[in-house]
Amino acid sequence: MDSFGASLGVLPHSSVSVRMMVSVGQAHGLDETLLLAGTGIVPERLADDNVEIWPDQEFAVARNLLSRLGDRPGLGVQTARHATIGNGGMVGLAALVSPTIGDVLSITIRYQALVSVAARYALEDRGDEVAIVVDGDGVPEDVRAYFVEREVAFIFMAGELLDVEIPVLGVEMQISADRGDELSVITPFDRHPIAFECPRNLVILPRSFLDQPMPQSDSRTASALERQCREALRHLLDAGWRVTAKVRERLLSDPDRMPSMAEIAAELHITVRTLRRRLADEGTTFRGLLNNVREIKAAELLRTSATVEDVARRLGYAETANFTHAFTRWRGMSPRAYRQTILRK
């Protein structure tokens with residue numbers, strides 16, 4: 001492993017999650033270009049399942065959605081309702097033909113990096129019970145409640161898609177009680193005992209449920225699909241840590257300053273010329289990555305108490321005016337105007 005270290009949390013995934021958020025926004029009358037503004041995602045490529053979407057881009061789309069509709073309970077559920085077996089790709093198909101519920105959970109958790117989810121799932125043994133853990137700690141705080149709601153709702157949507165009745169013993173969520181009161185009257189959360197302001201996000205099930213046979217079980221097909229999932233994950237891990245990924249992570253890693261191309265090349269033990277060539281081979285440029293990351297970080301920093309001048313400095317601008325011009329080009333308003341829109345929400 002090189003100097004940047006690997007983590008599944010910063011791997012790219014398909015455009016499914018973003019497409020679902022865009023669909024929700026469009027159902028509320030929002031334009032696709034508005035929802036993708038400042039994300040670096042080209043609308044024409046959104047339908048391409050092979051396009052790589054990075055977590056920071058996904059979070060930026062969610063911010064656009066929530067800034068227009070409000071961060072209200074139920075939007076996560078609306079998004080989850082757009083899920084299909086096909087959206088899950090090979091993982092969804094493998095789950096459909098798995099022998100038992102336990103096998104479904106095993107394969108979906110093992111290969112969750114291949115599915116467009118922001119939170120991380122795990123299965124916890126609790127004696128006569130098991131709990132599906134939905135860990136949203138890796139999601140930025142300002143969009144965490146939305147994604148946790150969505151990811152918990154995905155569990156119930158999966159039951160409907162797989163034609164399985166899930167015997168839920170209880171649901172525990174970290175979100176506030178006020179938000180929870182509104183969410184608890186929205187299907188599917190209105191069907192189960194649910195508690196809020198809990199230490200973790202859990203969906204608690206009887207352990208015996210894991211042994212329940214799947215209605216469309218096909219062990220041979222399931223084995224073949226799991227082999228494909230294994231190969232796809234290996235390819236993702238290999239491809240996800242190309243130079244583009246390493247540069248993006250490095251640009252995002254320091255909240256106080258933006259490293260130069262020369263600094264990143266030195267950390268990668270290559271020359272600037274080699275770095276430029278490798279990025280070109282992967283279809284991108286350092287300037288393009290820098291501008292995309294600057295826009296994302298600028299929007300995040302302007303939500304804090306940092307001054308516009310301080311944000312400009314942290315993003316590597318020698319003159320605040322240059323940052324103001326760039327931000328206005330990205331978002332259609334000045335940094336100060338953008339901050340005012342945030343404060344009014």
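The values are calculated or read from the model by the stated rules, or taken from the named source; none is laboratory data. This structure is a prediction, so every number in the text was calculated from the model and none was measured. Heads up, the Cβs are rebuilt from the backbone with ideal geometry, glycines too, and the neighbour counts pull from every protein chain shown. Calculation scope for accessible area: heavy atoms of the full protein, side chains included, ligands and nucleic acids excluded. Shrake-Rupley method; radii C 1.70, N 1.55, O 1.52, S 1.80 Å.
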Counted residues, segment 319-345 - those being within 23 Å of LEU36 (Cβ to Cβ) and over 28 Å from the mean Cα position of the chain (by Cα): 2
Segment 191-203, residues that are open to solvent by 50 Å² or more (accessible area, probe 1.4 Å) and modelled with pLDDT under 95: ARG191, PRO193
Residues of segment 70-90 satisfying the condition of being of a type in the set (A, V, I, L, M, F, W, C) and surrounded by fewer than 18 Cβ atoms within 10 Å (Cβ to Cβ): ILE85
Subset tally (residues that are over 17 Å from GLU165 (Cα atoms) and aliphatic (A, V, I, L, M)) for segment 84-112: 6
Top-ranked residue of segment 306-328 - restricted to ones that are among the hydrophobic types (A, V, I, L, M, F, W, C) and outside any helix (DSSP H, G or I), ranked as surrounded by the most Cβ atoms within 10 Å (Cβ to Cβ): LEU315
Flag if LEU30 is assigned to a loop (DSSP other than H, G, I, E, B), at pLDDT 95 or above and within 29 Å of LEU343 (Cα to Cα): yes
When residues of segment 122-142 are limited to those that are surrounded by fewer than 21 Cβ atoms within 10 Å (Cβ to Cβ) and not acidic (Asp, Glu), the one farthest from ARG227 (Cα to Cα): PRO140
Odd one out for ARG303, checked against (1) of a type outside the set (Ser, Thr, Tyr); (2) touching a residue at least 60 places away in the same chain (Cβ under 8 Å); (3) farther than 29 Å from ARG242 by Cα; (4) not in a loop (DSSP other than H, G, I, E, B): (4)
Unique match (being touching an Asp or Glu at 6+ places or on another chain (Cβ under 7 Å), over 30 Å from ILE107 (Cβ atoms) and modelled with pLDDT under 90) among VAL243, VAL293: VAL243
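Only one of ALA266, ALA312 is over 24 Å from the mean Cα position of the chain (by Cα) and within 26 Å of LEU34 (Cα to Cα). Can you tell me which?
The conditions single out ALA312.
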Members of segment 329-338 found to be at pLDDT below 90 and either outside any helix (DSSP H, G or I) or in contact with a Ser or Thr (Cβ under 6 Å, 6 or more places away or on another chain) (or both), listed by number: GLY332, MET333
Leading residue by the ranking (modelled with the highest pLDDT) among those in segment 152-178 that are open to solvent by less than 30 Å² (accessible area, probe 1.4 Å) and more than 22 Å from ARG207 (Cβ to Cβ): ALA153
Residues satisfying the stated conditions in segment 45-68, i.e. under 21 Å from ASP178 (Cβ atoms) and surrounded by fewer than 18 Cβ atoms within 10 Å (Cβ to Cβ): SER67
Unique match (being farther than 20 Å from GLY136 by Cβ, open to solvent by 10 Å² or more (accessible area, probe 1.4 Å) and either within 18 Å of the chain's Cα centre (by Cα) or hydroxyl-bearing (Ser, Thr, Tyr) (or both)) among THR100, THR39: THR100
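Restricting attention to segment 159-205, which residues are in a helix (DSSP H, G or I), under 19 Å from VAL104 (Cβ atoms) and either among the hydrophobic types (A, V, I, L, M, F, W, C) or touching a residue at least 12 places away in the same chain (Cβ under 8 Å) (or both)?
Of everything in segment 159-205, just one residue is in a helix (DSSP H, G or I), under 19 Å from VAL104 (Cβ atoms) and either among the hydrophobic types (A, V, I, L, M, F, W, C) or touching a residue at least 12 places away in the same chain (Cβ under 8 Å) (or both), namely LEU161.
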